[in-house]
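Colleague: Quick one: structure below, then a few questions.
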Amino acid sequence: MMTSLIELDLSSSFLIGAIPASIGNLSNLQYLYLYGNYISGSIPEEIGLLRHLIIVQLLYNNLSGEIPASVGKMTNLTHLSLFKNKPSGTIPTSIGNMNKLSNVNFNDNELSGSIPTTIGNLTMLTSLSLNNNKLIGSLPLEINNFTNIINLQLANNNFTGHLPKLVCQAGSLVYFGATNNHFTGPIPKSLKNCTSLFRVRLDGNQLKGNITEDFGIYPNLNYIDLSDNNLYGELSSKWGQCHNLTSLKLSNNKISDSIPPELSEASQLRELDLSSNHLTGKIPKEFGCLKSLLKLLFSNNQLLRDIPSIIGMLSHITDLNLALNNLNGLIPKQLGECSELLFLDLSKNKLEGRIPFDIGSLHSLQNLDLSWNMLTGEIPQQLGGMPWLETLNLYHNNLFGSIPTIFDDILSLTSLTHICRQRVRKTKNKSGGIQNDDIFAIWSYDEKMVYENIIEATEDFDLKYCSGVGGHGSVYKAELPTSQVVAMKKLHPLLNGETFNQKTITSEIHASTEIRHRKIVKLYGFCSHPRHLLLVYKYLEGEAWYEANAFDWIKRVSVVKDVANALSYMHHDFSLPIIHQDISSKNISNVWLTLLTLALLDF
């Protein structure tokens, strides 16, 4: 036996099976690195015999079962990581015996129960990460004993009660995350003067408090998200003194009064989201100085007056959403100078006058929504100069004229999801009430449904047009009368007389149409019926990846990187995180044009 062994590093060695109980015989072991393997089973009780262990790295494996109480015997341990495994059960109370611990990472597991009060004994702790588990209950008051804490991560659990009052009593906290829990009560007072903060995410809770009083000036703060809470009060001009701030997200709270123009002094801002509050007054013209701004989201407030023309100076802005306000006046022609704009939503305001021709200069624009205003005049043919436009909504205005003919290409199908008012065919039920039998959300420009064209193109879904069958439906290749080729996914019918949940399906599909990633196949639209649902995708020529035997290793690595990038976007960068649930080589298509392009399919 290697009883004198001090370090065992078998990381990324393609190991399978369980950790043997005999590991307890390595009595002098100080460093154990088993991360990045396929190790399964539970952590053996015998690991507690390794009293000299300093670092244990078991991350990225398939470990399951409970964390043994014997870990509390490893009193010299400073680092313990079980990140990305499947251990269940509770955090053992014996963890409180490991008073030299400085770094604990239990992220992305299936731990349940509450945090033991003994965790307060870990006074040397600098990092505690418990994200993405099933933990419940209130945080123990003993967490206030963490006088050296730098990183505290509690996101995506079911915690209740208050956040720890003294979480930054020592002024060392840098990263603080508690997203998507059920925390109530006030913002911890110790945060107000916590100048060490760099990144804070407390969104998705029920926190209450006066945002005017609860926050101070943070010279190092880079990112803060307090969205989806019950915060009230006024926006403080002090936010403008956070000169390293790049993201300020306060949406879906109860913040009132006007937007302070001093906010423009935070010159590094890239994202400013104040949507869904009770803000009034005008949009400060000073915001035209935010040269780094990418996203300006002020929708669903009570903002007044006109849109300042100086917004046209935001040369890098990609997303401008001012919908659902009381803005009036003209659409400033200077918006046409925002050359990198992808999404422009000015809907549901009181805007007047003509649509400026200059909007047609936004060659990168993908979504344009000017619906529910008081716009007049002819629809500018210059809108046809936006080759990437996918959604165009001009509904409920006083416009006349024709849609630019350029939309006769495949992009028009995408825009048809939103361009016209969705009609619902209504029939009377036996009791005389109105029921919604069919909802069709794919339209032609004269508002005639193209559903019949789909039936005709596939000869009522003849098998000769079927290109594949998946767990949720069959895929058909359809050529529309415009010579556009699309992939139609016909979902399998439900059993036992069940019907599709229209509200859920409609909301999820509309969310899917907002996906913007070059490696994810585009969903163009859908046709919905209680017993019948069709999804319209971009058609990709080429074989599935699992059939591509000619791939060399360089191309395989490139494909894997593309898949990882697309999944990362779906999980972390999209407004509504999406879990694919069926990634396999059959769902990866290679398309040979001038370059190899890869797209994730949901077929």
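Colleague: Among the numbered conditions (1) outside any loop (DSSP other than H, G, I, E, B); (2) in contact with a helix residue (DSSP H, G or I) (Cβ under 8 Å, 6 or more places away or on another chain), tell me where Ser267 comes up short.
Modeller: That leaves (1) as the condition not met.
Colleague: Could you check how many residues of the stretch 228-244 are farther than 22 Å from Ser292 by Cα, in contact with a Leu (Cβ under 7 Å, 6 or more places away or on another chain) and surrounded by 15 or more Cβ atoms within 10 Å (Cβ to Cβ)?
Modeller: Filtering the stretch 228-244 down to residues farther than 22 Å from Ser292 by Cα leaves 228-234.
Next, only the ones that are in contact with a Leu (Cβ under 7 Å, 6 or more places away or on another chain) stay: 229-231.
Cutting the leftovers down to surrounded by 15 or more Cβ atoms within 10 Å (Cβ to Cβ) gives us 229, 231.
Matching residues across the stretch 228-244 total 2.
Colleague: Is at least one residue of the stretch 146-161 aliphatic (A, V, I, L, M) and not in a loop (DSSP other than H, G, I, E, B)?
Modeller: yes
Colleague: Hey, can you tell me all the residues within the stretch 128-150 that are surrounded by fewer than 19 Cβ atoms within 10 Å (Cβ to Cβ) and in contact with a strand residue (DSSP E or B) (Cβ under 8 Å, 6 or more places away or on another chain)?
Modeller: Of the stretch 128-150, the ones surrounded by fewer than 19 Cβ atoms within 10 Å (Cβ to Cβ) are 134, 136-138, 140-142, 144-145, 147-148.
Those that are surrounded by fewer than 19 Cβ atoms within 10 Å (Cβ to Cβ) and in contact with a strand residue (DSSP E or B) (Cβ under 8 Å, 6 or more places away or on another chain): Lys134, Ile136, Gly137, Ser138.
Colleague: Output the strands (runs of 3 or more DSSP E) that fall wholly within the stretch 1-101 and possess 1 or more residues being of a type in the set (S, T, N, Q), or say none. Break it down into steps so the answer makes sense when it comes.
Modeller: Numbers: elements: 7-9, 16-18, 31-33, 38-41, 55-57, 79-81.
Counting at least 1 such residues, we get 38-41, 55-57, 79-81.
Colleague: Under 6 Å between Cβ atoms, at least 6 apart or on separate chains: pull out the pairs that start in the stretch 316-343 with a residue that is under 18 Å from Ile259 (Cβ atoms) and end on any residue that is small (Gly, Ala, Ser) and modelled with pLDDT of 95 or more.
Modeller: Here the result reads Asn321/Ser299; Ala323/Ser299; Ala323/Ser347; Leu324/Ser299, each pair linking the stretch 316-343 to a residue that is small (Gly, Ala, Ser) and modelled with pLDDT of 95 or more.
Colleague: Does Asn25 satisfy the condition of being among the polar types (S, T, N, Q), surrounded by fewer than 16 Cβ atoms within 10 Å (Cβ to Cβ) and either closer than 21 Å to Pro116 by Cα or in contact with a Ser or Thr (Cβ under 9 Å, 6 or more places away or on another chain) (or both)?
Modeller: Numbers: among the polar types (S, T, N, Q): yes; surrounded by fewer than 16 Cβ atoms within 10 Å (Cβ to Cβ): yes; either closer than 21 Å to Pro116 by Cα or in contact with a Ser or Thr (Cβ under 9 Å, 6 or more places away or on another chain) (or both): yes.
Spelling it out, Asn25 is indeed among the polar types (S, T, N, Q), surrounded by fewer than 16 Cβ atoms within 10 Å (Cβ to Cβ) and either closer than 21 Å to Pro116 by Cα or in contact with a Ser or Thr (Cβ under 9 Å, 6 or more places away or on another chain) (or both).
Colleague: Could you figure out which of (1) within 26 Å of the chain's Cα centre (by Cα); (2) assigned to a loop (DSSP other than H, G, I, E, B) isn't true of Asn193?
Modeller: (1)
Colleague: Something else about it: Suppose the filter is among the hydrophobic types (A, V, I, L, M, F, W, C) and more than 23 Å from Met98 (Cα to Cα); does Phe146 pass it?
Modeller: Numbers: among the hydrophobic types (A, V, I, L, M, F, W, C): yes; more than 23 Å from Met98 (Cα to Cα): no.
So Phe146 fails the test.
Colleague: Considering the stretch 175-186 alone, what residues qualify as being surrounded by fewer than 19 Cβ atoms within 10 Å (Cβ to Cβ) and over 20 Å from the mean Cα position of the chain (by Cα)?
Modeller: Hits for the stretch 175-186 are Thr184, Gly185, Pro186.
The values are calculated or read from the model by the stated rules, or taken from the named source; none is laboratory data. These figures come from a predicted structure and were not determined experimentally. Neighbour counts run over all protein chains shown; Cβ positions are idealised from the backbone, glycine included.
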